[in-house]
Amino acid sequence: MKRILHIWVLVLLAAAVWPLSGDATDNCGNLPSPTVLAWNGLLPTPRMGVSTWYAQGSAPTEAYVKTQADGLVSTGLLAAGYNFVVVDDGWPAASRDGGGNLVANATRFPDGMAATVTYVHADGEKFGIYSSPYSTTCAGYLGSYQHESADATQFATWGADFLDYDGCNVDAGYSSCYSTAGPQIWQLMAQDIRAGSRPMIIQVGTTPSPWANLWLWAKPVGQNEYRFDQQDINGLWANFDGAIDIAAGLSGYSAVGYWANADMLMNGTGSGPLTGTFTATQQQTQFGMDSLWSSPLIFGTDVTAMSSGLLAMYKNPEVIAVDQDALGLIAKRTSQTSCGSATCEVWTKMLWDGNYALGLLNRASTTQTVTANLSAYSNPDVRDLFARSDLGHMTSYSVSLPAYGMALVLVTPNGGTAMQNVVMQNMGIR
Ligand code: GLA
């Protein structure tokens, strides 16, 4: 009796401490051995486009996808570089078809996924889809657990160009290996995609501890992007503010073909999970910081509902050029001082042509003056990238910024290569 009691206590304890759920059928045996996958050659600059998530949550529709595909064209956003339309979570029907394949929810995608993809492609755009390596997605829909190869084939057959592979609910079937082999769960899908003939970008969205710091492992297992914000931005400034400090630790974790994704642009309101909205100042700051981080620029809500002023801001080619810079670096926080109740910061991103993009950021809730010391750049030319106007030569730039505001300037050194080397040394890059 005592022995049976012991066993029950153990079982209950195990259930309490083991965070895994879902399918208990072992999938550890299907994971590949750890192998460093070379870059797949895709996504030489960060993705730009629109997703269904913050507008529609887990009930995306074909009709909305088509309005966004057409909207990118009619707003001029496609011409500005925004060319991906991504269907996020919630698109699958409740069960697979007779052949074991995922199918789109027939009510919300009456023409099916293949026709939806064709529509997006006909607009000259790329198509993205969402799945999870676990049996349920983050919102509880069918995931790709133990169907990885079939789903990779299915997505390719439909014509997908991008897969957001997002894992919240680790299956009990990974209980014997998750703590040691979490990255191989993503390696498996990357390999299954590569085994097919359609090139497809893959992004890791999330997975719980001990693998939540995705930047530490996502590149060698073949991912083109990783989400780093750790908490969906959701229209909440505090969530974006938290991402700023995470980004400060990501130097070296961004490269051509491998991008740090800071979640979507808060360009409007939605009926999805969006619980807040950004002010115009916050929208500009998010756009500027995302560009300094070489983050994908993906609209979270309806691209056809933006004011002409907001559209013009997001189409600003000089800011987009910072985001899309060919070096692919993530900006470094080069100065941080106390101001108001928070900090004022300078972020520095080296660009491929020897120029630098500097962000002057006020994280406080009151107006602050932020200063960037430019003495290392040898009396540089300074240009305001939001205003698209030259500010002249200066060795120091000070600007008054509203609460949560930022300035984004292009700094062109006058000292040539030798001076650039000095600056790079100062930044700890060389
Ligand atoms: C997570 C992701 C979001 C979205 C949802 C879908 O929360 O971070 O971007 O994809 O899952 O359920």
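Within the option set LEU142, LEU78, LEU72, being crowded, with 18+ Cβ neighbours inside 10 Å, under 24 Å from GLY29 (Cβ atoms) and modelled with pLDDT of 95 or more holds for one residue only, LEU142. Considering segment 234-251, the residues that are in contact (Cβ under 8 Å) with a residue 40 or more places away in the chain and within 16 Å of the ligand (Cβ to nearest atom) include one that is nearest to LEU329 (Cα to Cα), namely PHE240. Scanning segment 165-184 for residues that are buried (at least 24 other Cβ atoms within 10 Å of the Cβ) and charged (D, E, K, R) returns a single hit, ASP171.
Would you be able to say whether some residue in segment 306-321 is within 16 Å of the ligand (Cβ to nearest atom) and buried (at least 18 other Cβ atoms within 10 Å of the Cβ)? Reasoning before the result, please.
Filtering segment 306-321 for residues within 16 Å of the ligand (Cβ to nearest atom) gives none.
No, segment 306-321 contains no residue that is within 16 Å of the ligand (Cβ to nearest atom) and buried (at least 18 other Cβ atoms within 10 Å of the Cβ).
Here is the figure for segment 373-396: residues that are under 31 Å from the mean Cα position of the chain (by Cα), in a strand (DSSP E or B) and hydrophobic (A, V, I, L, M, F, W, C) total 1.
Suppose the filter is within 16 Å of the ligand (Cβ to nearest atom) and at pLDDT 95 or above; does VAL65 pass it? Taking the combined requirement at face value, the residue satisfies it. Candidates ALA160, ALA115, ALA212: the one that is among the aliphatic types (A, V, I, L, M) and more than 16 Å from the ligand (Cβ to nearest atom) is ALA115. Of the residues contained in segment 167-190, one or more are found to be within 14 Å of the ligand (Cβ to nearest atom), out of contact with any Leu (no Cβ under 9 Å at 6 or more places or on another chain) and in the same structural domain as GLY57 (by TED's automatic domain parsing).
The set of residues in segment 255-304 being polar (S, T, N, Q), crowded, with 22+ Cβ neighbours inside 10 Å and at negative phi consists of ASN261, ASN267, GLN284, THR285, GLN286, SER291, SER295, THR301.
Would segment 140-154 turn up any residue that is farther than 22 Å from ALA114 by Cα, of a type in the set (Val, Ile, Thr) and away from the ligand (no atom under 12 Å from the Cβ)? Scanning segment 140-154 turns up no residue that is farther than 22 Å from ALA114 by Cα, of a type in the set (Val, Ile, Thr) and away from the ligand (no atom under 12 Å from the Cβ). Here TYR134 passes the criteria (1) farther than 18 Å from LEU31 by Cβ; (2) outside any helix (DSSP H, G or I) except the one numbered (1).
The values are calculated or read from the model by the stated rules, or taken from the named source; none is laboratory data. Quantities reported herein were computed from a predicted structural model and do not represent experimental measurements. Every residue, glycine as well, gets a Cβ built from its backbone with ideal geometry; the counts of neighbours run over all protein chains shown.
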